[in-house]
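What follows is one structure encoded as structure tokens, with my remarks underneath.
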Amino acid sequence: MKSKTASSWTAAQSEELYGFKRWGAEHFGVDSEGFVNVQPCSDGRAIRIMDVIEEAVGMGLRAPVVVRFQDLLRHRVVQLNELFRKAIKDEGYRGEYRGVFPIKVNQLREVVDEIMAAGKDYHYGLEAGSKPELMIVLALHDNNNRLIVCNGYKDDDYIRLALLGRKLGKKVILVVEQLSEIDDIIRVSEEVGVKPLIGFRAKLQTRGEGKWSSSSGDNAKFGLNTAEILFACEKLRAAKLTASLKLVHFHIGSQVPNILTIKNAVIEASRFYCQLAKMGFPMGYLDVGGGLGIDYDGSRTNYESSMNYSMAEYARDVVANVRDICDAMNVPVPDLVSESGRAIVAPHAMLVVEVFERINKRETLGVQHQPKEKHKVVVDLEFLLKNKAKLGKLERFHDAVQKKEEAFSLFNLGYLDLENRAAAESLYWQVCEQIAQETRDAGYVPEELRELNKLLADQYVCNFSVFQSLLDHWALKQLFPIAPLHRLEEEPAVNATLVDITCDSDGKIGTFIDLQDTKDYLQLHALNGKPYYLGIFLTGAYQDIMGDLHNLFGRVNEVHVFLEDDEPNGYYIEETLSGVRMSEVIETVQYQWEDLCRRIKTQIDTATKKDLVKPREGVRLLEFYEGQMLAKTYLNIDRSATSAEEPRAPKTPRAPRAAAKAAKPAARRARPAAKG
């Protein structure tokens, strides 16, 4: 990128740099003042995210904080259902769409509640993959026109729970994942006297793509092969349960990037469905599983963090291909079921982190150490720095690397003192910085020199844990869009990677989205002593649930935001959830915090008796220790010590959360789902 002066840089350039228009899907953008805005319903109503953060800080909720835009969540549910309705109408399809949300993607009550409310008019159902999930689903299921799909391994109690739902009149479909399950379902259904609704998960030959491609194919963990489907059919006939088989299901993996893979899988599964219908089974539903992707990098390609299709194209292709196969085989079309989870929930939530420190290996640039007697290796490095015109960039880099390694060897052998080693290190980094600046606007740059920007990048330390809040990035190298939430009218002139506050060297983000491929660093702004916030977007799928307790950093603070035209800033915070306290996270690993306090008190008493601690000081130490038990697990960054400005106050004063919530008791539930 060509360098811009501070006055010529615009917010629009930042919007392009961070890709908001590509991955933001008309929901996220940058205003002219350099602040990131969200349009939850893509209808022009926008919320400045920094307003939300500053209001949360005023409530005592510091970053890291998860922000949920609940209207965006509702919008995605409505959008998926409306697109399937449109595709069904346009393609002359004679069935219906009966989607279900797989709660494994995000089981949080506030998420599932919002999805259920948004999907009420569409009879949008739920999917469970375990007994605990099924217990949640059965209790929340409030309309017998909604489907409940039961996936995953099943024991007798799982089956009994599903049949309990059948007794209550619910449309609960037990999907057979393994051949042995069909015997268990037959036996338990006879015991309880309930006719089950059954589906077969077909193990397709169509292979998935992307990070989760192993979900399909011969080595897939779940599903019946062709022979096993025939065996299962024989067992149902023998048990006089032919009428129970209602559904064919398949799943080719999460985040499928290529629409051709989805088309091929739908065609193959439709053949299974039609064959079973011709064998005399009543059928009725074809479940195309999950896989509908999210374009995390905005490239609209079949790269694993992207997708080369839209939600509308997905719906049209599913509908059209099922219709064509069924018409060709003279079989009535089924009602269509999908288990889209990531596509529904990922956009509605984001993680906000605060950068509070930087690690810069080049801090000593321009502060070169001057040993009393310079070693030859130092003199040679000085020559490389001062005589750039005499040597090519690549040659100077190779020479600098050689001299740096020579200096380290001499130091280890005892021939180089500390001052000369420090001078050699400083000069080496100055040479690298000099070469990097020379190649910044060059055309072709050798790969070794392109790596210099990565090598020289700062590390911005952020108050969060990758393992708790972005586990997919650490475990699966999943990419998420990341950008500053403010100061976007300024040119971001610092190349940086992000590191968290855990003691693990893997606690970092060193790969970032880019239109062409990926980047090894992110362009950010220089820290100025004031709060600097970054947004990590599209984190609503899996990250809320899959985080661990590495270093005992627990759940972060959370705020739920709703659009509200009557509010001055166009929104209100409906609910806040405080992050976990130290006493709570300590008890999750079998310690009693009261016992720990007693132990510390005993040690302080002993130290007082030995006159190592004065009595008043001992009381203060114990109070401090006990007080920390009620504190949050993340760092308490106090910028007043450096005379930094606190975040600016919200534009207008707001009522306390409890009062605001009481003032709008029905605003959330009474609001009709937005169309679009």
| query | What is the one condition in (1) more than 30 Å from Val172 (Cα to Cα); (2) in contact (Cβ under 8 Å) with a residue 40 or more places away in the chain; (3) in contact with a helix residue (DSSP H, G or I) (Cβ under 7 Å, 6 or more places away or on another chain) that Gly29 does not satisfy? | reply | (2)
| said: Show me the strands (runs of 3 or more DSSP E) entirely contained within segment 1-70 in which 1 or more residues are among the hydrophobic types (A, V, I, L, M, F, W, C) and either closer than 17 Å to Leu524 by Cβ or over 21 Å from the mean Cα position of the chain (by Cα) (or both). | reply: 28-30, 36-38
| task | Give the number of residues within segment 578-624 that are touching a helix residue (DSSP H, G or I) at 6+ places or on another chain (Cβ under 9 Å) and among the polar types (S, T, N, Q). | result | 4
| query | Since Asp317 meets every condition but one in (1) under 30 Å from Gln107 (Cβ atoms); (2) among the charged types (D, E, K, R); (3) part of a loop (DSSP other than H, G, I, E, B), which condition does it not meet? | reply | (3)
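Residues are listed down the side, and each one gets a yes or a no for (1) part of a helix (DSSP H, G or I); (2) over 15 Å from Ser244 (Cα atoms); (3) not assigned by TED's automatic domain parsing to the domain that holds Leu286:
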{"residue": "Leu126", "(1), (2), (3)": "no, yes, no"}
{"residue": "Met135", "(1), (2), (3)": "yes, yes, no"}
{"residue": "Asn144", "(1), (2), (3)": "no, yes, no"}
{"residue": "Val149", "(1), (2), (3)": "no, no, no"}
{"residue": "Leu161", "(1), (2), (3)": "yes, yes, no"}
{"residue": "Leu164", "(1), (2), (3)": "yes, yes, no"}
{"residue": "Val172", "(1), (2), (3)": "no, no, no"}
| remark: Considering segment 442-489, residues that are of a type in the set (Phe, Trp, Tyr) and part of a helix (DSSP H, G or I), and then whichever is nearest to Arg22 (Cα to Cα), we arrive at Trp474
| request: Could you tell me whether Leu204 is under 21 Å from Ile136 (Cα atoms) and either in contact (Cβ under 8 Å) with a residue 12 or more places away in the chain or surrounded by 20 or more Cβ atoms within 10 Å (Cβ to Cβ) (or both)? | output: no
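Yes/no per residue for (1) more than 30 Å from Leu470 (Cβ to Cβ); (2) of a type in the set (Val, Ile, Thr); (3) surrounded by fewer than 17 Cβ atoms within 10 Å (Cβ to Cβ):
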site: Arg555; (1), (2), (3): no, no, no
site: Tyr571; (1), (2), (3): no, no, no
site: Val585; (1), (2), (3): no, yes, no
site: Ile600; (1), (2), (3): yes, yes, yes
site: Ile604; (1), (2), (3): yes, yes, no
| task | Have a look at Val556, Val589 and point out the one that is modelled with pLDDT of 90 or more and either under 27 Å from the mean Cα position of the chain (by Cα) or within 30 Å of Ser340 (Cα to Cα) (or both). | result | Val556
| request: Examine segment 537-548 for a residue that is buried (at least 22 other Cβ atoms within 10 Å of the Cβ), in contact with a His (Cβ under 8 Å, 6 or more places away or on another chain) and within 27 Å of Ile47 (Cβ to Cβ), and state whether such a residue exists. | output: yes
| query | Does any residue in segment 515-534 that is closer than 21 Å to Thr301 by Cα come within less than 7 Å, Cβ to Cβ, of a residue that is in a strand (DSSP E or B) six or more places away or on a different chain, and which pairs are these? | reply | Thr518/Phe512; Lys519/Phe512
| query | For segment 453-482, how many residues are without any contact (Cβ under 8 Å) to a residue 24 or more places away in the chain and β-branched (Val, Ile, Thr)? | reply | 0
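The values are calculated or read from the model by the stated rules, or taken from the named source; none is laboratory data. Computed from a predicted structure; not experimentally measured. Reconstructed Cβ throughout: ideal geometry from the backbone, glycine too, with neighbour counts over all protein chains shown.
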